[in-house]
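Participant: The structure follows.
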Amino acid sequence: MRTVRRMLRLNSESGYPFSEVYMKHFLSENGKLYRLLELIMELGAMNVLFLLCSIPLFTIGPAYVALLACADAFWKEEGRPTFSYFFKKFRAAFLPSVLVGCVASLVFILLAYNMLFTLVAFAGAVRIVLLGVYFLLVIVMLAFVYHLARIIGCFQNFRTKYLKAALLATVAHLPRGLGIAAAMVSPLVLLFFPMGVILALLPVMLFFWFSTASVLCIKLSADYMDEIEEYCKN
């Protein structure tokens, strides 16, 4: 009703037909349609940049750091240009992010190998317990990597204190970590669907999935990341 009353007031002041006034307002830079299209383009740009910069697998670390930085700016509505800001963060945190990404990848590979070995070598209650332990370790590791990537993206370097800060954030906010881990591994859900469903969802994966999941992670950690960053400064 507020929008309608505003349109009627603008119509009476401008002398133009109501439909023309409404469309001009709706399609203007402050209009809802323009803002919606802008948000869709930002999410798509972040997603495509992340996928392209992750093609050499060893660069997935800096690509993820840059994606989180863009997602943080998107969540805070800071209006930063996506392309230039992404590559600024990508270049600034390249070396520490590559090193952290490689180490994290090795840890995940070892955890996956242990889980597969457990499925083959054990049975009954022992297998269930071991798989539960490894699953919990994967969740903790995912949340830890997320927090560490946020910190590296903020300071664009690496200090051993960041490891402690990321671990503290993970342990202190473990329930949030469950949501963060679920969002991070959500693309793997496609592996359990038939090929037809995978092909149908492929455009969503290519243009929106990773960026949307990153914005969700930013939302989940928004109320305590400032404290973590302040801790890292001291």
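The values are calculated or read from the model by the stated rules, or taken from the named source; none is laboratory data. All of these numbers come straight from a predicted model, not from anything done at the bench. Backbone-built Cβ (ideal geometry, glycine too); neighbour counts: all protein chains shown. SASA here: full protein model, heavy atoms, side chains in, ligands and nucleic acids out. Shrake-Rupley method; radii C 1.70, N 1.55, O 1.52, S 1.80 Å.
Participant: If residue 69 meets every condition in (1) open to solvent by 70 Å² or more (accessible area, probe 1.4 Å); (2) within 17 Å of the chain's Cα centre (by Cα); (3) touching a residue at least 40 places away in the same chain (Cβ under 8 Å) apart from one, which number is that one?
Facilitator: (1)
Participant: A further question follows. So which residues in segment 121-176 are closer than 22 Å to residue 69 by Cβ and charged (D, E, K, R), if there are any at all?
Facilitator: Once the filter is applied, which keeps residues that are closer than 22 Å to residue 69 by Cβ and charged (D, E, K, R), segment 121-176 yields 150, 159, 161, 164, 176.
Participant: Sticking with this structure for a sec: Give me the residue from segment 183-234 that is among the aliphatic types (A, V, I, L, M), open to solvent by 70 Å² or more (accessible area, probe 1.4 Å) and touching a residue at least 12 places away in the same chain (Cβ under 8 Å) and, out of that set, farthest from residue 39 (Cα to Cα).
Facilitator: Ranking the candidates gives 206 first.
Participant: May I ask you to say which residue of 97, 84, 54, 105 is of a type in the set (S, T, N, Q), under 15 Å from the mean Cα position of the chain (by Cα) and either at pLDDT 90 or above or surrounded by 14 or more Cβ atoms within 10 Å (Cβ to Cβ) (or both)?
Facilitator: 54
Participant: Confirm whether residue 118 is open to solvent by less than 40 Å² (accessible area, probe 1.4 Å) and more than 24 Å from residue 64 (Cα to Cα).
Facilitator: yes
Participant: In segment 126-153, which residues are basic (Lys, Arg) and within 16 Å of residue 225 (Cα to Cα)?
Facilitator: Result: 150, single match.
Participant: Right, another one. What is the residue count in segment 162-179 for residues that are surrounded by fewer than 14 Cβ atoms within 10 Å (Cβ to Cβ) and over 19 Å from the mean Cα position of the chain (by Cα)?
Facilitator: Number satisfying all stated conditions: 3.
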